[in-house]
Every structure is written in structure tokens, then in C-alpha cells.
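Report on one structure; see the data block that follows.
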Amino acid sequence: MSRQFILRSGTLHAEITERGAALRLLRHGGRDLVTSWPAGGPMPYYSGSLLAPWPNRVGGASYSFGGETHRLPVNEEDRGHALHGLVADAVWEAVEDDRDPGDPGDPGDSGDSVRLAHTVGPVPGYPFTLSLQVLHSLTPDGLTTTLTAENTGDTAAPYGCGPHPWLLAGGDVREYELHLPAERVLLVDDLLLPRSLEDVSGTPYDFTSPRPVGGTAVDHAFTGLRPGADGLVRVRVSGPDGGVEMRWQAAELPWVQVCTGSALDHAGLAVEPMTCPPDAFNSGTDLIVLQPGEKAEASWTISPLGG
């Protein structure tokens, strides 16, 4: 079973697993804020995982970079794509752990932050080397995650990232009220690859004013994110059990994928801030190209709303 890192601060309790450095549990008092899964069990629909060195999908599991064509392993077999990067199932190593020493499985062995590291590549389809570090830090206000990538290879490397939490507000997702301050939506084809970028106005995907999800099936990327006065984008979900907010800097993560999971029989609403849209390895849209020695960093926070 993967090692678990227990974080506590005020009424918040988080559990991070060394498998994928994933957020396995986030609880406010007795209320779960994200969809969880059993320690050592399967990770359903990438719940709480980190997505790197690309978020979402690479169409046809193939892309060109630096004058060469690269073919990735297909892990979305029904569509033939490479989905959600290379680190979700990897074992990450704790490099900084403020918890009290003791049995890692002991609930008393807890602190408020943990930093884990993992090296990506070179592997088939991604002949580059990235050093990744993730810091999960819990305060009474929420869980902040910061993912840093450094190109430790000797050639430029394509890169993108994001998280994959499923936010919970109790009951059925159709009962949730969603506030998504995004002006544009990326419409997709039957294989969920980008087709056109449209204004949300007049579409079923306009949640710029809070409204119930209802019967709207969403599995789309959004951009044109509107930050608040403090410069942070805030996506808020409210439901029978309360509310939960996810916030980040639009400059770091200018895209967000939202998925209602309508056909998945999976609890929660996926909110996935991303550095780039789906298939950015092919389109080049907002793709980060890390030169040797360069770093890229992105942070996001999940917080409870209400009591």
C-alpha cells in the first residue's frame, strides 16, 4: 500500500499519497470537499491526481516537437489518445516532511505540509527529463498545492500541468450551483479534441453568474478567466452540504477543464485548472517550452465555503 501523508490544520484534514503525490482526501470537519478513494485502492477517474507533463489529452497519442514526431503510449483506448500525463501512477518521494516522526500510518503522525519529488523521463514518446516537486500545504483556510517543474535535460522540453480534483458539495451534481467566471469555452469533436473556441454567452456553458448545473453535461475547457480584485480566479460550487472553492492565478493557469461526470457514475464536479488546453502538444496553444535549466511553477488552493 502506498505511504500516506496526513496533514491537519484547524478543522481541515488532508491525506496525500505517495502514489502520484495525489490528494486522496480533503475534509472540513465532517464534510468531504473532494471525492476520495480507499488508501491502496484504485484511483477512480484521476481523483486528486497531478497532471504532468501535460494535462488533458494528446490527440492520437502523437505530436511533433523539435522537428521530430513522438508517439506516446495510448491510455485512453476508446479514443486513441494519451491522457493526463505520465505521473498519476508514479511513486513520488517525500523530500520535506514536517510531520512528527513515527509510523506513517498512525493518525497522530501529522503536520501541515509535505513536499514530494519525482523525475519524469526520458521515456517512450517523451525523450526529455523534468525534475518535478510538489508542495502540499494546509492552513485553516485551505489546501494550497504548488507544482514546480525544472528541465534537467540538455534539450528544450514541452510542458503543461494541472490538478484533477472532483469537488463535492453533497447530493447529486445536478443540484450543485456553479460559479465559473470564464468568458470562452472550447468546443470539441466526437473524440473530445478541440474544434472551436466560442464565447459562452448564449451557450449551455455560461456559468459566469452562479446557476444550477441541472441537466447540462459539461466536459469542456474554458478560458478568458475573470480574476477578482485580488487577482485570483475563483470557481465555486455550492450544494446541499455546503460549498467549496478553488482559486488560482490566471497568469499561471489560464485554462480550466470542468466535467460533470454525467456518464461516469462518479461523485463530484471535476475542476481542473490547466496551463494549456487539450491537445496543446499539437496545437502549441499556451504550451510551455522549458529550456535546459528553466523552471515553471503553478499553484492552486481548495477551501471550504460556509460553516
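Scan segment 225-243 and give yes if some residue there is in contact with a helix residue (DSSP H, G or I) (Cβ under 6 Å, 6 or more places away or on another chain) and at positive phi, otherwise no.
The answer is no, given that none of the residues of segment 225-243 is in contact with a helix residue (DSSP H, G or I) (Cβ under 6 Å, 6 or more places away or on another chain) and at positive phi.
If Ala263 satisfies every condition in (1) of a type in the set (A, V, I, L, M); (2) more than 29 Å from Asn151 (Cα to Cα); (3) part of a loop (DSSP other than H, G, I, E, B); (4) touching a residue at least 60 places away in the same chain (Cβ under 8 Å) but one, which is the exception?
(4)
Collect the residues in segment 215-266 that are of a type in the set (D, E, K, R) and touching a Lys or Arg at 6+ places or on another chain (Cβ under 6 Å), keeping them in residue-number order.
Across segment 215-266, the qualifying residues are Arg234, Asp241, Glu245, Arg247.
Answer with yes or no whether Asp32 is over 26 Å from Leu130 (Cβ atoms), modelled with pLDDT of 95 or more and surrounded by 15 or more Cβ atoms within 10 Å (Cβ to Cβ).
In short, yes.
When residues of segment 236-259 are filtered for being under 18 Å from Ala270 (Cβ atoms) and part of a strand (DSSP E or B), how many remain?
15
What are the pairs with Cβ atoms under 6 angstrom where one residue, in segment 1-23, is more than 18 Å from Tyr46 (Cα to Cα) and the other, located anywhere, is among the hydrophobic types (A, V, I, L, M, F, W, C) and buried (at least 21 other Cβ atoms within 10 Å of the Cβ)? Sequence gap at least six, or different chains.
Taking only residues 6 or more apart or on different chains, the pairs are Phe5/Ile16; Phe5/Val114; Leu7/Ala14; Leu7/Leu138; Ser9/Leu138; Leu12/Leu138.
Name the residue that is least open to solvent (accessible area, probe 1.4 Å), counting only residues in segment 117-148 that are among the small types (Gly, Ala, Ser) and under 14 Å from Ile302 (Cβ atoms).
My answer is Gly142.
Identify, by number, the condition in (1) at pLDDT 95 or above; (2) over 18 Å from Thr145 (Cα atoms); (3) buried (at least 17 other Cβ atoms within 10 Å of the Cβ); (4) not acidic (Asp, Glu) that Ser64 doesn't meet.
(3)
Picking from Val91, Val74, Val58, which residue would you name as being touching a helix residue (DSSP H, G or I) at 6+ places or on another chain (Cβ under 9 Å), open to solvent by 40 Å² or more (accessible area, probe 1.4 Å), among the β-branched types (Val, Ile, Thr) and at pLDDT 95 or above?
Checking each option against the conditions leaves just Val74.
Yes/no per residue for (1) acidic (Asp, Glu); (2) at pLDDT 95 or above:
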residue	(1), (2)
Asp106	yes, no
Arg115	no, yes
Thr119	no, yes
Pro122	no, yes
Leu130	no, yes
Asp154	yes, yes
Ala157	no, yes
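The values are calculated or read from the model by the stated rules, or taken from the named source; none is laboratory data. Keep in mind the model is a prediction, meaning the values are calculated, not measured. FYI the Cβ positions are ideal-geometry reconstructions off the backbone, even for glycines, and counts take in every protein chain you see. These accessible areas exclude ligands, DNA and RNA; they are computed on the full protein's heavy atoms, side chains included. Shrake-Rupley method; radii C 1.70, N 1.55, O 1.52, S 1.80 Å.
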